[in-house]
Each structure stands twice: as structure tokens, then as C-alpha cells.
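Submitted below is the structure of interest, expressed as C-alpha cells.
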Amino acid sequence: MKKIMMVALMAAATATAFAQSEVVKNAKKLFDKGQIEEAAQAVQSALNEGTPEDKATAWNIVSEAYYKKFADIQEIQLKEKVQPTGAVVDEKTMHESIMKALEAAMKCDEFDAMPNDKGKVKPRFRQASQQKYQNGRLQCIAAGQWFYNQKDYTSAFNAFKLYVESGKSSMFEGVNLNDQYANEIAYFASLAAYQAKDYENVVKYAQIAAQDTAKAKDATEILVFAKKETMKTSQDTLEYIEMLKKAAQQFPEDQRYSAWIGDYYLNSGKTAELAEWADGEIAKNPNDKFGYVYKGEAARLQDKFDEAVECYRKAFELDPTYIAAAYQAGVTLNSKAIKLKDELSDKKTGMLTKANADKVKAVLTEAKGYLEKVRELDPDHSQVNWVYALYQLYYNLGEKAKADELEKMLNQ
């Protein structure tokens with residue numbers, strides 16, 4: 001009984017292989033007659049069945065079918081650019097077709113490179129594919145750009161990815177592709193993946209892009225963005241901070257990394273870590289304005305107003321256009337004045353002696369000087385909202401006309 005079953009199974013396998021060969025032959029006949037679409041449809045059942053030779057032939061038919069669809073639409077597009085007639089150019093189908101054509105050609109080569117029944121490897125389609133797709137794969141770049149502009153970020157990623165990965169295909173064995181675009185397109189793949197929230201591929205392709213020194217900076221930036229988006233654990237946070245520190249060291253001219261480190265410590269309420277990090281930044285570069293501002297923030301959070309103001313003053317001195325530093329100096333001096341007034345006021349009456357009132361006024365006047373400078377640099381208060389803070393100072397200093405002017409702005 002077992003022997004009969006084995007014979008039956010072998011017969012069934014032979015019949016299946018024969019059937020798949022017939023499918024490929026019939027599809028090939030349709031293809032040779034120019035019935036491309038019909039051939040591609042007819043061969044579907046043979047793509048993953050039959051001998052490697054049959055599979056290679058089947059995938060080649062699919063590749064040729066999609067390539068012809070791409071070429072036909074591209075021809076219309078080129079004619080329209082030279083002499084517009086109003087013909088419809090289906091760009092989406094054109095781009096999808098070249099991608100499917102290249103994918104099918106690579107799949108064809110996988111089977112084409114397998115040993116035949118005599119154990120020989122004799123690729124039948126590789127040479128033609130090499131000639132066609134050395135330039136054809138460049139169309140994937142155009143496809144990626146088109147899909148990206150359409151905000152179809154998943155398709156854009158797939159197009160850019162296909163360009164990068166096809167350069168590694170065995171189909172191009174022995175060919176010098178002179179692939180100077182690979183790292184740059186890998187960056188675009190990571191960017192599209194980021195927009196599609198596919199963070200695993202962001203990392204994969206950004207790391208490829210970073211191998212090119214010309215794209216290392218852009219690739220590092222997107223790696224940092226991706227890490228920030230995917231932080232879940234305390235370990236993730238530590239890795240994120242380390243990434244920022246390495247990026248700040250690698251690209252010292254890009255001060256955003258330092259600012260992001262400072263913002264993280266500040267927004268997380270890690271005052272001690274903020275102060276320690278800021279001191280380290282200043283030690284490395286005594287002219288680091290961000291280091292002074294963040295050191296000032298750490299001091300301000302501990303009500304060390306004099307130290308904070310001195311740090312802001314130093315930052316503003318280093319960069320006289322650094323509006324945020326001047327603003328922070330002004331509002332911190334105002335906080336100092338409020339605290340000083342509370343300390344110097346009579347505990348029973350709440351009143352100040354003239355000498356003590358002059359001390360408070362001196363601090364308020366210094367604060368006013370900084371905020372008036374901010375107003376001068378940022379008249380439309382687009383960078384910092386200085387209006388209320390300066391109004392408060394004018395009011396407390398008894399400068400009614402100036403206070404009234406700002407009150408009108410507050411009520412607008």
C-alpha cells in the first residue's frame with residue numbers, strides 16, 4: 001500500500017510540473033505575440049511552482065510585461081513634454097510599473113541563477129536584465145520623489161528602498177554600477193520611512209546613509225528624531241541622550257543638539273543634571289552661549305537669581321542678538337525683585353522703608369533695561385512674549401504712560 005501511495009505521489013508531482021511547464025509555454029506564446037497583459041495574467045500560477053527554469057521564465061514574463069507598461073506611459077509623458085496634446089499621463093501607474101518590473105527581474109534572477117537539471121548554472125535572462133535595469137533602476141528615484149510629493153510615504157519608501165537594494169542584487173553580478181547615489185537615496189528612504197512612522201526602517205537606511213560623510217549629518221539628525229519618537233523605557237531615554245551628546249560632539253557647528261540636551265534636562269525637572277551638563281559644556285567651550293543659558297536655568301529653578309542673571313548676561317554678551325537670554329535675565333530680575341520686596345517688607349504693615357524701596361526699584365530698573373532691549377530686538381514679540389512682563393515692570397515702577405501703552409497691546 002505504501003509503495004502504491006509513493007507512486008501516486010510521484011505521478012501527481014510529475015503531472016503538476018508538466019502542467020506548470022504548459023502554463024509557462026502558453027504564456028510565452030502570448031508574450032511573443034505581443035499580448036503582454038494576457039501573458040502576465042496567464043503566468044501567475046507558475047511564479048512559484050515548477051522547475052527553477054519555469055519560475056525564471058514566468059518571472060521574466062512578468063518583468064517584461066510591467067516594463068512595457070512603464071515604457072508605454074513614459075513615451076506618452078515624453079511626447080507631452082515636447083508637444084502637449086492633452087493626453088492623460090498615468091504617472092502613478094508608470095511609477096508602480098517600473099518598480100514591479102524591477103522586482104520581478106530580481107526574482108527572475110534568483111531562479112535563473114539556480115543549477116539546471118544537469119547541475120549547471122547558465123542564466124538566460126541576466127544579461128538582458130542588466131542592460132535594461134542599469135538605467136531602469138534610476139526610475140525608482142523618480143518614482144520615490146513623485147510618491148513623496150503625493151504624501152504617499154510608504155510607496156516613496158518602497159521606491160527608494162528598491163533602488164538601494166537592487167544595487168546589491170545578484171542580477172548585477174560582474175557589473176560596475178558606479179552607484180554614487182546609493183547613500184543619498186538611502187537617506188531619502190529613511191526620511192520617507194520616518195514620515196510613514198516606520199522607525200525600524202528609518203534606523204536601517206539612515207545607518208546606510210551615514211556611511212557617506214556628505215550625508216552623515218542629515219542621517220544623524222533623522223536617527224535622533226526616530227529615537228525620540230520611539231522612547232518608551234528609561235534605557236531608551238539614556239540612549240537618546242547619548243545619541244545627542246555624540247551628535248553634538250561630531251557636529252559642533254550644529255548647536256541644536258546641545259539645545260535639545262538642555263531642553264530634555266530642563267523639561268524633565270532634572271536640575272542637578274542640567275547644571276552639571278551646562279558646567280561641562282562651558283568647560284569645553286567658554287564661549288558656549290547655550291551652556292550659560294542652561295546653567296542660568298538651573299540656577300533660576302533653585303532661586304539663585306543673581307547666579308542665573310549673571311549666566312544670562314554672559315550669554316547675551318556673547319551673542320547680542322540672543323533674545324531669549326536677555327528676556328530670561330529680565331524676568332529673573334523681576335522674580336528677584338518680588339522676593340526681595342517680600343524679604344524687606346515690614347512683617348506687620350507690609351510696607352518698605354525708602355532705603356529698601358530703592359533697593360527693590362534698582363532691581364526692577366535693571367530688569368526693565370533687559371526687557372526694553374528685548375522689545376527693540378523683537379518689536380512684534382514673535383520670538384518671546386515680552387509684552388506682559390514689561391507692562392508689569394512699568395506698572396510697578398510707576399511709569400503710567402508706558403504701562404498704558406502696553407495695556408492697549410495686551411487688550412488687542
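The values are calculated or read from the model by the stated rules, or taken from the named source; none is laboratory data. Values in this document were obtained by computation on a predicted structure and should not be read as measured data. Virtual Cβ from ideal backbone geometry, glycine too; neighbours counted across all protein chains shown. SASA here: full protein model, heavy atoms, side chains in, ligands and nucleic acids out. Shrake-Rupley method; radii C 1.70, N 1.55, O 1.52, S 1.80 Å.
Being surrounded by 23 or more Cβ atoms within 10 Å (Cβ to Cβ) and basic (K, R), is that true of even one residue in the stretch 124-136?
Checking the stretch 124-136: not a single residue is surrounded by 23 or more Cβ atoms within 10 Å (Cβ to Cβ) and basic (K, R).
Here is a list of conditions, (1) part of a helix (DSSP H, G or I); (2) hydroxyl-bearing (S, T, Y); (3) under 35 Å from the mean Cα position of the chain (by Cα), and Y394 meets all of them except one; can you say which number that is?
It is condition (3) that Y394 fails.
What is the one condition in (1) open to solvent by 30 Å² or more (accessible area, probe 1.4 Å); (2) assigned to a helix (DSSP H, G or I); (3) more than 30 Å from K270 (Cβ to Cβ) that L364 does not satisfy?
With (1) open to solvent by 30 Å² or more (accessible area, probe 1.4 Å); (2) assigned to a helix (DSSP H, G or I); (3) more than 30 Å from K270 (Cβ to Cβ) applied to L364, the lone miss is (1).
Tell me which of these L406 doesn't satisfy, since it passes every other one: (1) modelled with pLDDT of 95 or more; (2) buried (at least 16 other Cβ atoms within 10 Å of the Cβ); (3) not acidic (D, E).
Going through the list (1) modelled with pLDDT of 95 or more; (2) buried (at least 16 other Cβ atoms within 10 Å of the Cβ); (3) not acidic (D, E), L406 breaks only (1).
Can you spot a residue in the stretch 172-182 that is open to solvent by less than 10 Å² (accessible area, probe 1.4 Å), charged (D, E, K, R), within 29 Å of A58 (Cβ to Cβ) and not in a helix (DSSP H, G or I)?
No, the stretch 172-182 has no match at all.
Moving to a separate point now. Report yes if some residue within the stretch 89-111 is at positive phi and not in a helix (DSSP H, G or I); otherwise report no.
no
Shifting gears a bit: List, please: which pairs have Cβ atoms under 6 Å, are six or more places apart or on different chains, and start with a residue in the stretch 367-391 that is part of a loop (DSSP other than H, G, I, E, B) and end with one that is open to solvent by less than 20 Å² (accessible area, probe 1.4 Å) and not β-branched (V, I, T)?
Between residues of the stretch 367-391 that are part of a loop (DSSP other than H, G, I, E, B) and residues that are open to solvent by less than 20 Å² (accessible area, probe 1.4 Å) and not β-branched (V, I, T), the close pairs are W386/L371.
Now for a separate question. Where in the stretch 1-85 are there helices (runs of 4 or more DSSP H), lying fully within it, with 2 or more residues that are modelled with pLDDT of 85 or more?
Values: elements: 2-32, 36-42, 52-82.
By residue number, 52-82.
Also, I was wondering about something else. With touching a residue at least 24 places away in the same chain (Cβ under 8 Å) and open to solvent by 40 Å² or more (accessible area, probe 1.4 Å) as the only criterion, which of L333, L318 stands out?
L318
While we're here: For the stretch 256-278, what are the residues that are among the small types (G, A, S) and either open to solvent by less than 40 Å² (accessible area, probe 1.4 Å) or over 28 Å from the mean Cα position of the chain (by Cα) (or both)?
From the stretch 256-278, those among the small types (G, A, S) are 258-259, 262, 268-269, 272, 275, 278; that's our starting set.
Residues satisfying the conditions are S258, A259, G262, A272, A275, A278.
Do we find a residue being under 30 Å from M243 (Cα atoms), part of a helix (DSSP H, G or I), among the charged types (D, E, K, R) and open to solvent by 50 Å² or more (accessible area, probe 1.4 Å) anywhere in the stretch 279-286?
Yes, the conditions are met somewhere in the stretch 279-286.
Still on this structure: Return yes or no: is K347 surrounded by fewer than 21 Cβ atoms within 10 Å (Cβ to Cβ), assigned to a helix (DSSP H, G or I) and over 39 Å from the mean Cα position of the chain (by Cα)?
No; evaluated as a whole, the condition is false for this residue.
Right, another one. How do the helices (runs of 4 or more DSSP H) wholly within the stretch 196-252 filter down when requiring 2 or more residues that are open to solvent by 20 Å² or more (accessible area, probe 1.4 Å), free of Cβ contacts under 8 Å to residues at least 12 places away in the same chain and among the acidic types (D, E): which remain?
Of the helices (runs of 4 or more DSSP H) lying wholly inside the stretch 196-252, those with at least 2 residues that are open to solvent by 20 Å² or more (accessible area, probe 1.4 Å), free of Cβ contacts under 8 Å to residues at least 12 places away in the same chain and among the acidic types (D, E) span 234-250.
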